[in-house]
Amino acid sequence: MHQTYPADEDLAREAAAGRRDAFEALVARFGSSLLAVIGKQVNDHHAALDLAQEVWVKVFRAMHRYRPEGSFRSWLFSIALNHVRDALRQRQRRREVCAGDLSAAPAAGGWFDPRGRSDEAAAIEAALERVPEPFRSALCLVDVLDFSYEEAARSLDCAVGTVKSRVNRGRFAFRDQYLKAAGGLAGRASAPGACHEV
C-alpha cells in the first residue's frame, strides 16, 4: 500500500494557519534543495547554511502572505534568491568582493578548493561561479533543480521567454568558463550537463 504525502500547497496552508509541524515538514522537504541552490550562489558552505537559516526565518514570518493557488516551491525560491542577492550586494559593499565577481582570482578555499573534490568537479563549480547574474540563477533553477521554465519564471518574477533566454545564455557562459577552468581535461570532452542546447 502506497503512503500518500500532503501536497506542498496543503502543508503551506496549514503552516500559514499556525501549524508548526506543517512548517517543519516543508523545511524537511525543501531544505536540501534550498541549501544546494544557495551554495551555488555563494560558493561557501558555512555562509550557505547561515543564509538558508535566514531564508527559513523569513519564510516563516511571511507564511501568512502565501496564497495556495500558487506553487509553494516557486514562492520559496523567489524569497530565497532575493535574499541571497541582497546578501551578496551587502557583502560587496562591505568587502568590495562578491562571489560572482568575474575579475576575482581563485583563493584558498574558493573556486578551486581541492578538498574532497575531483578536478572536474572543481572546474564545474568554478565555471558556474563565474556565470554572471541573472543567468546563474536561471541556470541553477532549470538545470540544477529541474524547475520548469514556468516555475523558474515565477521564482525569478519575470516572463517565461526571459527565463529561456537567460538559461540559454547561461549555458553558453557556463560552457566557456568550464573550458577555461578545466583546461586540458575539457579539451578532450565536451562540457557536462548544463551546456546542452535548448
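The values are calculated or read from the model by the stated rules, or taken from the named source; none is laboratory data. Predicted model, so just to flag it, every value in this text is computed and none were measured. We place every Cβ from the backbone using ideal geometry, glycine too, and count neighbours over all the protein chains shown.
Select from the stretch 125-169 the residues that are surrounded by fewer than 21 Cβ atoms within 10 Å (Cβ to Cβ), of a type in the set (Val, Ile, Thr) and touching a residue at least 40 places away in the same chain (Cβ under 8 Å) and list them in ascending order.
Matches in the stretch 125-169: Val144 only.
Just to verify a result, which residue in the stretch 1-41, among those that are touching an Asp or Glu at 6+ places or on another chain (Cβ under 9 Å) and under 18 Å from Leu81 (Cβ atoms), is surrounded by the fewest Cβ atoms within 10 Å (Cβ to Cβ)?
Phe30
Does Arg89 satisfy being assigned by TED's automatic domain parsing to the domain that holds Phe23 and not in a loop (DSSP other than H, G, I, E, B)?
Details: assigned by TED's automatic domain parsing to the domain that holds Phe23: yes; not in a loop (DSSP other than H, G, I, E, B): yes.
So Arg89 passes the test.
Confirm whether Ala194 is at pLDDT below 85 and either polar (S, T, N, Q) or surrounded by 21 or more Cβ atoms within 10 Å (Cβ to Cβ) (or both). Quick ask: steps written out before the conclusion?
On the way: at pLDDT below 85: yes; either polar (S, T, N, Q) or surrounded by 21 or more Cβ atoms within 10 Å (Cβ to Cβ) (or both): yes.
Against the criterion (at pLDDT below 85 and either polar (S, T, N, Q) or surrounded by 21 or more Cβ atoms within 10 Å (Cβ to Cβ) (or both)), Ala194 qualifies.
If you take the residues of the stretch 66-78 that are surrounded by fewer than 19 Cβ atoms within 10 Å (Cβ to Cβ) and at pLDDT 80 or above, which of them is nearest to the chain's Cα centre (by Cα)?
Initial filter on the stretch 66-78 (surrounded by fewer than 19 Cβ atoms within 10 Å (Cβ to Cβ)): 66-70, 78.
Next, only the ones that are at pLDDT 80 or above stay: 66-67, 78.
Working: Tyr66: 21, Arg67: 23, Ser78: 10 Å.
The selected residue is Ser78.
Please note which helices (runs of 4 or more DSSP H) are completely contained in the stretch 119-183 and include at least 1 residues that are β-branched (Val, Ile, Thr).
Working: elements: 119-129, 135-139, 149-156, 160-182.
Result: 119-129, 160-182.
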